[in-house]
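Presented below is the structure to which this report refers.
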Amino acid sequence: MSPQPSRIAATFEKLNQEGRKALIPFVTAGYPFAAITPSLMHGMVEAGSDIIELGVPFSDPMADGPVIQKAGDRAIANGVGLKHVLAYVREFRQKNHSTPVVLMGYANPVERYDQVHGTDAFVNDAAEAGVDGVLVVDYPPEESEAFAAKLRAKGMDQIFLLAPTSTDERMQQVARVASGYVYYVSLKGVTGSNALDLDAVGEMLPRIKQHVHIPVGVGFGIRDGQTAHAVAQMADAVIIGSKIIQLLEDQPHEKIVPLTIDFLRGVRKAMDA
């Protein structure tokens, strides 16, 4: 099977030609209400987002701080699991055929899905639903070659995290397997941490680029247009998650999409300035 071209690669190519950087918002699927996710995704695109990261709810998300953990707990309480997440993507695809969607989560739901639905069911069903990339936090690159190859055969990318502590050897391992983009976690710690050190990001990105020849997005600690603008000067993509989750907490149903659009429009404007 020869790999199909990826929607993510096409998106970055188009942005590159336009001299723009990718805005990648993250939201936990099924948060804050079970069925709002497809509408929220459409709102994110309307506000100028280029790729959407959807968190797959999981009970023990070790890389996530209290904000995203709480969102995951709420989504689980709303009855949302991986099969619902795929259904949201399918619904989104009825109207949007171009914006890439990346599922972000942990090995447990993916492997459980295959146990229940059969070998390779996750890869096949994700492709059928219209997923473009998969970031499994606890799949290290040295154990992911077979999984990455299965995804690529279906036109999907496997995305990996790099951190301030990543060695050159680790970057090389990731570069061998990764496609789509690499997600640079700009802080030591969990999602939602505050103190983004832009100088440290500026020093690290050229090091990553020596080894990784696909786009690099930066996330963790980006909370407003000003920070997004600064990161966009250095990285290929700006990834925002915890801030959106916080913004939506305790909001009534009718305010969820407008608030998200308003916030992301401001970020997009700052990035393009």
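Derivation of every value follows stated rules applied to the coordinates shown; laboratory data play no part. This structure is a prediction, so every number in the text was calculated from the model and none was measured. Here Cβ is always computed from backbone atoms with ideal geometry, including for glycine, and neighbour counts include all displayed protein chains.
Things to note:
- Computed from backbone phi with θ = phi - 60° and the Karplus coefficients 6.51, -1.76 and 1.60, the 3J(HN,Hα) list for the range 32-38 is x, 10, 4, 9, 7, 4, x Hz; x is used for glycine and proline.
- Ranked by how many other beta carbons lie within 10 Å on average, peptides 124-135, 19-30 from highest: 19-30, 124-135
- Loop GluC sites (Glu not before Pro), the range 168-273, which have at most 14 other Cβ atoms in a 10 Å radius of their Cβ (DSSP): Glu249
- Mean-square fluctuations from a GNM of the chain, with a 10 angstrom spring cutoff on Cα atoms, peak among Gly180, Gly225, Gly217 at Gly225.
- Top of His213, His253, His229 by mean-square fluctuation, Gaussian network on the chain, Cα under 10 Å: His253
- Averaging the sequence gap over all C-alpha pairs within less than 8 Å and six or more residues apart, then dividing by the number of residues, gives the chain a relative contact order of 23 percent.
- For Gln158, the shell of other residues with beta-carbons less than 12 Å away shows a net charge of 0, using +1 for Lys and Arg and -1 for Asp and Glu.
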